[in-house]
1. Which condition number does A:Asp35 fail, the rest of (1) open to solvent by less than 40 Å² (accessible area, probe 1.4 Å); (2) modelled with pLDDT under 90; (3) acidic (Asp, Glu) being met?
2. Going by the structure shown, is A:Arg370 assigned to a helix (DSSP H, G or I), among the basic types (Lys, Arg) and in contact (Cβ under 8 Å) with a residue 24 or more places away in the chain?
3. Can you tell which of A:Gln42, A:Gln47 is without any contact (Cβ under 8 Å) to a residue 40 or more places away in the chain and among the polar types (S, T, N, Q)?
4. Among what's in the range A:263-282 and is closer than 21 Å to A:His235 by Cα and surrounded by 21 or more Cβ atoms within 10 Å (Cβ to Cβ), pick the residue that is farthest from the chain's Cα centre (by Cα).
5. Can you report the number of residues in the range A:183-221 which are outside any helix (DSSP H, G or I), without any contact (Cβ under 8 Å) to a residue 40 or more places away in the chain, of a type outside the set (S, T, N, Q) and surrounded by 13 or more Cβ atoms within 10 Å (Cβ to Cβ)?
6. Go through the range A:336-349 and count every residue that is open to solvent by 40 Å² or more (accessible area, probe 1.4 Å) and within 16 Å of the chain's Cα centre (by Cα).
7. Going residue by residue through the range A:306-329, is there one that turns out to be acidic (Asp, Glu) and under 23 Å from A:Thr193 (Cβ atoms)?
8. At pLDDT 95 or above and small (Gly, Ala, Ser): is that true of A:Ala340 in this structure?
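The values are calculated or read from the model by the stated rules, or taken from the named source; none is laboratory data. The structure displayed is predicted, hence computed values, not measured ones. Quick reminder, even Gly has a Cβ in these numbers, built from the backbone with ideal geometry, and neighbours come from all protein chains shown. The protein model used for the area step is the full one, side chains on, heavy atoms only, and it has no ligands, DNA or RNA in it. Shrake-Rupley method; radii C 1.70, N 1.55, O 1.52, S 1.80 Å.
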Amino acid sequence: MLDIRMFRDHADVIRADYDKRGIPHDSIDAVISLDEAWRKSQYDADQLRRKRNEAARGIAAAKKAGDEEAFALIKSEVDSIASEIEKLGVKAEQLQTERDAIRMSVPNILHESVPAGNDEEGNTQHSMHGMKPEFSFDPRTHNELIEMNKWVDLPRAAKVAGSRFYFLKGDLARLDLALQQYAVDFINSKGYTFVQPPAMMNRHAYEGVTDLGDFESVMYNVQPDGLYTIATSEHPLTAMFMDEVIEPSLLPIKMVGVSPCFRREVGAHGQGDKGIWRVHQFTKIEQIIISHPDDSWDFHEELLTNCVELWNNLGLHYEVVNICTGDMGTVAAKKYDLEAWLPGRGEYKEVVSCSNCTDYQANRLRMRYRTPDGNSAVHTLNSTAVATSRALVAIMEQYQLEDGRVQVPECLISRMNGKTHLEPCEW
RNA sequence: GCGGACGUCGCAUAGCCUGGUAUCGCGCCGGAUUUGAAAUCCGGUGGUAAUUUACCGCGGGAGUUCAAAUCUCUCCGUCCGCGCCA
């Protein structure tokens with residue numbers, strides 16, 4: 001959510017952003033006119049309240065003096081004011097609710113370096129990393145590899161849970177755990193505090209960190225308690241400081257979180273989503289920074305640098321993409337994706353997303369820091385370090401051998417008890 | 001799950017019984033003093049607005065009342081004890 005002051009004082013900035021995104025200005029105009037009407041109603045109601053309070057002050061004195069006549073006089077005056085206040089107050093509340101409903105849908109202001117474009121075709125390449133692996137045979141897709149090695153059991157998972165769930169087995173499951181530990185240790189060594197968050201959140205906190213549409217298409221709703229399973233640890237870790245005023249000396253707050261992530265993936269279908277590429281549950285190691293507004297752009301680059309180092313250490317080939325206006329979504333002001341090369345499929349596919357949300361989440365969550373002129377919204381940033389299911393796919397496809405086995409990336413061998421190759425499961 | 005206590009500005013706390021202007025302390029910010037720091041002193045430190053002022057605000061919601069932090073109901077949360085439990 002944008003600061004209401006943006007609409008009052010810098011509407012031209014929002015308009016320029018809308019032009020860049022190619023959307024009409026209707027919602028901006030609506031917010032501005034509703035805000036003006038709300039301020040007027042609010043002011044009028046305040047003036048009436050003032051009148052009432054002034055009159056009511058005489059009541060205590062009249063009561064004490066036992067002057068019933070004066071009391072009755074004042075009471076009738078107060079009563080008539082009260083009904084007017086009631087009417088104006090309801091009106092003001094409606095206006096504010098309507099204003100903020102529209103304001104919630106207004107997207108964040110994009111950074112100037114975000115390329116223009118209508119969809120993912122408009123994303124631009126930021127950088128290329130690692131060597132594209134060469135094969136003396138036809139590289140297999142991860143779907144083929146998990147099946148021939150019996151590393152993933154999808155039918156039985158469908159039986160006990162549903163489609164897009166999986167049992168991860170044997171050496172691949174061990175690799176998943178090794179990846180988690182390696183990624184957590186790596187980011188932790190950069191000065192990020194390791195945090196394990198709750199895997200469920202209540203509605204109120206969740207509304208602060210996500211689009212309303214996500215409640216239908218992304219999150220599982222757990223009844224009868226009305227909780228939502230988290231789609232990423234970004235959500236609890238960002239909401240962790242909601243409604244708080246943070247001492248500036250505590251900033252930046254840097255965290256590395258690990259959690260299971262649950263996604264309903266409503267509407268996701270197709271051949272390209274087979275296997276464990278797009279699933280209802282996976283584990284993700286996430287970087288989170290809560291920063292002073294002046295520092296957030298430097299930290300955005302730091303998050304990307306951490307990812308690049310981590311993925312280079314895994315020895316994988318990938319590109320970094322600068323997400324364009326049409327592919328951005330509402331929350332981020334700028335976003336980089338890492339897209340890993342999947343030789344079996346012959347495509348680069350998204351494995352990491354690295355965003356600066358500036359004050360957009362903080363405004364809704366009321367996360368502020370103390371300044372000499374009052375409290376002001378902090379900036380929030382988030383970036384995947386590793387989503388294990390997708391990293392496993394990239395490792396399997398890039399490190400595969402002709403016999404279907406998979407080499408273990410150098411940096412993970414010690415966490416695999418010295419194992420250098422993933423061996424098939426017997427069943 | 002049962003019983004009890006409690007929820008007040010960043011933290012901590014008074015006010016609640018007996019309804020009528022949000023208390024004291026710590027921390028933080030600014031200023032004075034100082035070579036610098038500490039100590040000391042002064043001021044500020046919830047939100048909104050049309051900002052010398054006004055309104056709102058004491059976990060959320062509702063009610064009683066001219067008037068609610070204060071009384072009533074309800075929901076949420078925390079702590080303590082008991083029970084259950086990886």
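1. (2)
2. Numbers: assigned to a helix (DSSP H, G or I): no; among the basic types (Lys, Arg): yes; in contact (Cβ under 8 Å) with a residue 24 or more places away in the chain: yes.
No: the conditions fail for A:Arg370.
3. Details: A:Gln42 fails: without any contact (Cβ under 8 Å) to a residue 40 or more places away in the chain.
The match here is A:Gln47.
4. So in the range A:263-282, the residues closer than 21 Å to A:His235 by Cα come out as A:263-266, A:278-282.
Still in the running and surrounded by 21 or more Cβ atoms within 10 Å (Cβ to Cβ): A:263, A:279, A:282.
Details: A:Arg263: 13, A:Val279: 18, A:Phe282: 16 Å.
Taking the candidates together, the pick is A:Val279.
5. Counting residues in the range A:183-221 that are outside any helix (DSSP H, G or I), without any contact (Cβ under 8 Å) to a residue 40 or more places away in the chain, of a type outside the set (S, T, N, Q) and surrounded by 13 or more Cβ atoms within 10 Å (Cβ to Cβ) gives 3.
6. 0
7. Here is the first cut: in the range A:306-329, the residues acidic (Asp, Glu) are A:309, A:319, A:327.
If we keep only those that are under 23 Å from A:Thr193 (Cβ atoms) as well, we get A:309.
Yes; the residues of the range A:306-329 include at least one that is acidic (Asp, Glu) and under 23 Å from A:Thr193 (Cβ atoms).
8. On the way: at pLDDT 95 or above: yes; small (Gly, Ala, Ser): yes.
When the stated conditions are applied, A:Ala340 passes them.
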